[in-house]
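Asker: Pasting a structure here, questions to come.
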């Protein structure tokens, strides 16, 4: 049964401006962009060529990307961002050197913004998304340029991008599994919150965090003792979210004990060894009919990761995480790469839900640029950037971003007016002011987008000062006009260009969830009731298949909720199947709970060199 048409929508004013808790990793992009920017800027300061800062900053800003990714994937992602930044800059510089027509420059800027939006969303580049690329390419379109200068300027961008790439990967020398540990700690904390206060909101948040942790581990490098312990910790978080509550036994904490989950999260975040948890609930952990006591009793409920030949060896006998090994092998094989390419092409092809957002970006940026040019703004690139920064998954979220962007830019213009006299006291003062605002922007933006924009605006205006001083009143006036017109035209384009594909995405997500639930039930039945005595290898395969099916069901449930939330925030939409969505979510979570029992060959109790069981705390190198 479909829901009746929604009543008239109200646009919130206060809620989008509320401050949130800062990200637990806010300092990583903040410090990275400062280091990546300081190296080329101070070099140019010594050489007396600060007029080239715009080109090095294009590469330095790439240091903002990839901080939530494991290093194995971060290598490729940040390199791709550097190349994408250079490609967009090349198009902009060549265009600027060939024509001075504002109409052509605005058209190219709008096309670049739409292309950058689609490519970043299709590749799931992650924050800060396409807005940095659009900022650089749009600014370059309106900068004086000669064709012969383009290769040298691109070389500066690539050199600074190489520095940014090294800065992003540098922490791997000291903490190789740092991103994985943070992702797993978030999953444990979210699972603890769900166990302490069960409800739809906490359950969805925990499921999202657990899924993100699995994806992070799947994208990580080769298996190490640390990563194997992290996999088991995520299995515990997943059991706390999807499993039924169970009583404690053998004097140990229950599987969904919030205190235990939070203790594991704290140890996982810390710099010491990773905790080695017991097997997840209902997972056999003994040889067939042999052994005395459980691994939990032998290694301790809060045990610490064993060394390379430690408690769980190389992964054998760990039925609660068999699936991730098989899934990782598939993803890295030819079939996995082909599937990834097909998924990328589908997201760029006809019928993709990204295309309406791309159409909004193209239309809004073009309207904003042409309107500002008609009103006499000499370089309306900031209007293009403002419009491009608005477009989120639906109209409601786009309104929120328009409100945040406008407030932040207007306050940022006032901050620029206050700091401009200080920045003009000397070249070093200008460099330091620019670095300060780059740090402040990343430090504040996770609290709320408008707060970060208060620092972004003066930083962007200070970059213009590297090429020569400009009248303060003209800079501030143009920026205010660009902001207001860009926000208005950008939001207008979002309301006029409808996204009726959002409802179709919900229907496709419902079908995918039904198929994933059926597959999980079949895998559970196959592993729980073998038709004949099964060998250890057959049980290994059955457990791996069940784990893959459960993760696929979790991913489909998250996609269903995301699709439903996106469609609910769209205007001019047909009635959505809300009851069907709720029923599918309930059925999916019941299936996850029913399949929470993991089956597989049992692990032998860990042995010391003398043949005895390991003691409560076995310390190993990380």
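Asker: Please specify each residue of the stretch 55-104 satisfying the condition of being over 25 Å from the mean Cα position of the chain (by Cα), touching a residue at least 60 places away in the same chain (Cβ under 8 Å) and buried (at least 23 other Cβ atoms within 10 Å of the Cβ).
Answerer: Filtering the stretch 55-104 for residues over 25 Å from the mean Cα position of the chain (by Cα) gives 55-56, 90-104.
Okay, now just the ones that are also touching a residue at least 60 places away in the same chain (Cβ under 8 Å), so 55-56, 90, 93, 102-103.
Those that are over 25 Å from the mean Cα position of the chain (by Cα), touching a residue at least 60 places away in the same chain (Cβ under 8 Å) and buried (at least 23 other Cβ atoms within 10 Å of the Cβ): 55, 56, 93.
Asker: On to the next question. Kindly establish whether residue 34 is assigned by TED's automatic domain parsing to the domain that holds residue 447, within 30 Å of the chain's Cα centre (by Cα), part of a helix (DSSP H, G or I) and at pLDDT 95 or above.
Answerer: Judged against the criteria, residue 34 is a match.
Listed here are the residues, each with its yes/no results for (1) in a helix (DSSP H, G or I); (2) touching a strand residue (DSSP E or B) at 6+ places or on another chain (Cβ under 8 Å); (3) at pLDDT 80 or above; (4) at negative phi.
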| position | (1), (2), (3), (4) |
| --- | --- |
| 493 | yes, no, yes, yes |
| 512 | yes, no, yes, yes |
| 531 | no, no, no, yes |
| 534 | no, no, no, yes |
| 538 | yes, no, no, yes |
| 541 | yes, no, no, yes |
| 547 | yes, no, no, yes |
| 550 | yes, no, no, yes |
| 562 | yes, no, no, yes |
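Asker: Picking from 191, 155, 196, which residue would you name as being out of contact with any strand residue (DSSP E or B) (no Cβ under 7 Å at 6 or more places or on another chain) and crowded, with 24+ Cβ neighbours inside 10 Å?
Answerer: Being out of contact with any strand residue (DSSP E or B) (no Cβ under 7 Å at 6 or more places or on another chain) and crowded, with 24+ Cβ neighbours inside 10 Å holds for just one of 191, 155, 196, which is 191.
Asker: Report yes if some residue within the stretch 466-477 is touching a residue at least 60 places away in the same chain (Cβ under 8 Å), within 23 Å of residue 400 (Cα to Cα) and assigned by TED's automatic domain parsing to the domain that holds residue 48; otherwise report no. Spell out the reasoning first.
Answerer: Residues of the stretch 466-477 touching a residue at least 60 places away in the same chain (Cβ under 8 Å): 466-468, 476.
Now narrow it down to the ones that are within 23 Å of residue 400 (Cα to Cα): none.
Within the stretch 466-477, none of the residues are touching a residue at least 60 places away in the same chain (Cβ under 8 Å), within 23 Å of residue 400 (Cα to Cα) and assigned by TED's automatic domain parsing to the domain that holds residue 48.
Asker: Name, by its number, the condition in (1) in a helix (DSSP H, G or I); (2) touching a helix residue (DSSP H, G or I) at 6+ places or on another chain (Cβ under 7 Å) that does not hold for residue 377.
Answerer: It is condition (1) that residue 377 fails.
Asker: Turning to a different aspect of this structure: For the stretch 573-581, check the following and say yes or no: at least one residue is at pLDDT below 75, in a loop (DSSP other than H, G, I, E, B) and over 30 Å from residue 494 (Cβ atoms).
Answerer: No, because not a single residue in the stretch 573-581 is at pLDDT below 75, in a loop (DSSP other than H, G, I, E, B) and over 30 Å from residue 494 (Cβ atoms).
Asker: When you go through 128, 144 one by one, which is the residue that is out of contact with any strand residue (DSSP E or B) (no Cβ under 7 Å at 6 or more places or on another chain), in the same structural domain as residue 390 (by TED's automatic domain parsing), under 23 Å from residue 97 (Cα atoms) and outside any helix (DSSP H, G or I)?
Answerer: Result of the check over 128, 144: 144.
Asker: Considering 206, 162, which residue is assigned to a helix (DSSP H, G or I) and at pLDDT 90 or above?
Answerer: Residue meeting the stated conditions: 162.
Asker: Got at least one residue in the stretch 39-48 being surrounded by 18 or more Cβ atoms within 10 Å (Cβ to Cβ), within 22 Å of the chain's Cα centre (by Cα), closer than 25 Å to residue 429 by Cα and at pLDDT 95 or above?
Answerer: Looking for residues that are surrounded by 18 or more Cβ atoms within 10 Å (Cβ to Cβ), within 22 Å of the chain's Cα centre (by Cα), closer than 25 Å to residue 429 by Cα and at pLDDT 95 or above, one finds none in the stretch 39-48, hence no.
Asker: Scan 183, 213 and give me the residue that is closer than 29 Å to residue 271 by Cβ, in a helix (DSSP H, G or I) and without any contact (Cβ under 8 Å) to a residue 60 or more places away in the chain.
Answerer: Step by step, each of 183, 213 is checked, and only 213 is closer than 29 Å to residue 271 by Cβ, in a helix (DSSP H, G or I) and without any contact (Cβ under 8 Å) to a residue 60 or more places away in the chain.
The values are calculated or read from the model by the stated rules, or taken from the named source; none is laboratory data. Note that the structure is predicted; figures quoted are calculated from it, not measured. In this analysis, Cβ positions are derived from the backbone assuming ideal geometry, glycine residues included, and neighbour counts consider all displayed protein chains.
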